[in-house]
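The values are calculated or read from the model by the stated rules, or taken from the named source; none is laboratory data. As the structure is a prediction and not an experimental result, all values here were calculated from the model. No Cβ is skipped: glycine too gets one built from the backbone with ideal geometry, and neighbour counts run over all protein chains shown. The area values use the complete protein model at the heavy-atom level, side chains included, leaving out ligands, DNA and RNA. Shrake-Rupley method; radii C 1.70, N 1.55, O 1.52, S 1.80 Å.
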Amino acid sequence: MTDNESSIPRREDDSQSFTKDYLDRAKAACDAGDAVLGMYLYMAAFEEAACGEGAPSEDALTGLKEAWALACTHKERSLAEYIFERLEPYLSAEEITICAEALHGLALDKLEEFGLSREDLEDMAHAITEDLLDGEEPIIHIERIAEDRIPRNSTALSAVSDTSDKKSKTKIILAGAANIAKNKPASSNEETLDYSNIAGYINAIGAMRDLGIGMRNDPDFKSLLDMLNSLHGLPKKPALDTILFRSPAREDVNSFMMATLGELNMPTVHMRMEESYQGLPLLCVSARAVDIPNNGSLHDIFQKGGVLVLEDLDFWASPVTDEGDDGNAFFMMQLTRGAREAVNLIRFAVESPDVYVIATCTDIDGIDSFFMELLEPMSLVDIDLPTAEERIQIWDYIAEKHPSIRGINRADLVRLSSNMSRIDIYAAAREAVEDAYKAGLMLRRYQPVTRENIFDKIAAYQPLESSEYAELEDEVIRDFRRDLGHIDDILD
């Protein structure tokens with residue numbers, strides 16, 4: 001038996017040993033009254049068992065079920081959803097139904113914390129159904145919205161567009177939406193993303209400042225506005241065009257959009273198109289609860305100005321028919337109240353001098369002409385892949401946040417990450433840091449990020465035919481050979 005073959009059962013034994021150790025510690029923590037620590041230890045035991053070959057052991061599955069029960073008991077909805085995703089392949093159909101009902105209950109409990117009782121939700125669904133469906137079978141339901149796409153402390157409205165039969169009628173159904181973004185409000189000392197703390201967007205920030213955004217603390221710009229208002233006889237600057245952010249990396253453009261919202265610091269309404277469980281286009285409208293006046297509508301959010309964000313506009317399905325202008329007018333008459341409110345809100349925001357309208361996309365040709373005409377006039381802000389100067393800023397920021405990466409030559413990192421998106425650079429750095437952390441746990445000492453490790457992570461995001469990939473491959477091989485030169489010292 002070779003050394004490699006003999007090492008495999010030892011790794012499996014180690015995994016089983018770690019799993020048992022985590023389970024024992026989890027039980028001890030729960031017995032000591034620390035249920036939260038016990039929950040995390042049960043999850044760690046399952047993750048350790050899942051790393052091995054084959055299905056996790058019964059003990060690991062039992063531990064994960066204990067973690068599920070603890071998450072539900074302590075109303076940790078986000079953790080309960082994560083645990084359910086990991087547990088679902090090992091559950092029966094009956095158990096899946098029970099877990100889904102429990103998650104539904106946690107979502108409603110969260111809505112109750114924001115002043116919406118279960119009775120209120122039922123009454124709202126009944127009223128909307130009666131108003132919009134004209135006696136048809138009710139199909140109003142609580143729709144889950146992805147957590148990472150909703151602003152903190154938000155409530156939401158959803159509009160479902162069924163356009164499967166364009167020549168007959170189109171239903172737009174306004175439904176309540178659950179799954180508030182976080183279990184608790186953002187802390188007052190939490191850093192807000194804006195132009196002062198976002199790295200790698202030098203050119204995009206310059207383009208926004210040319211439009212007057214990001215200049216609120218510039219006294220010269222304030223003096224310029226006062227002069228222009230006086231000479232032109234206007235009380236304030238006129239409405240800006242709709243701002244369309246375009247980038248080949250969707251995550252990059254969405255990050256810059258969030259920084260722009262932080263820079264503006266105004267009440268904001270988000271709109272985005274998703275897909276319902278039935279495969280129908282779903283228009284999701286959300287706003288922070290603190291921005292919504294008591295008993296007010298979405299229009300009331302913009303009483304003193306605000307921002308309307310249309311996310312991923314190239315994903316939006318057009319609601320118009322093929323029957324020309326008259327057909328479109330007839331179509332608007334057939335829209336339900338929820339759909340008309342959504343379209344009218346966009347029109348109101350575009351025409352208002354107090355409301356900024358921001359849209360994002362990756363492919364401008366993929367945006368339907370209906371929305372292009374609705375949002376005109378429009379200013380395009382391209383957010384290309386980061387330049388060398390922007391990559392320097394990104395790696396400086398990463399080094400500031402992760403000291404273990406500071407030993408790597410910064411010039412090499414900037415050069416070899418050429419043609420990568422910002423999100424890919426951050427992901428590669430994060431993976432390298434986590435690998436070094438795990439190595440430190442095994443070695444029981446601090447292990448910094450190595451050149452070989454981070455170059456390997458960067459190479460995973462570079463095209464195989466690129467010159468950067470070839471250089472990265474050479475660097476990794478060169479470092480590996482250098483390590484082999486010291487193997488005798490290691491063995492001694």
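Values for this structure:
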quantity	calculated
Globularity ratio of region 375-473, using Cα Rg and 2.2 N^0.38 Å	1.24
Neighbour-limited loop hits for trypsin sites (Lys or Arg not before Pro), region 354-426 (at most 14 other Cβ within 10 Å; DSSP other than H, G, I, E, B)	Arg406
Model label zone, Ser467; criterion: amide N under 20 Å from point 7 Å along Cα-to-beta-carbon; scope region 391-416	391-392, 410-416
Highest average packing first - 212-218, 79-85, 354-360, Cβ atoms within 10 Å	354-360, 79-85, 212-218
Accessible heavy-atom area order of Thr362, Thr97, highest first, probe of 1.4 Å	Thr97, Thr362
Two-site label geometry, Ser379 and Thr97: point separation in nm, points 7 Å out along Cα→Cβ	5.7 nm
Placed amide H near Val355: partners under 5 Å, 5+ positions off or other chain	Gly306
Rough spin-label spacing in nm, given labels placed 7 Å along Cα→Cβ, for Met227 and Glu85	5.4 nm
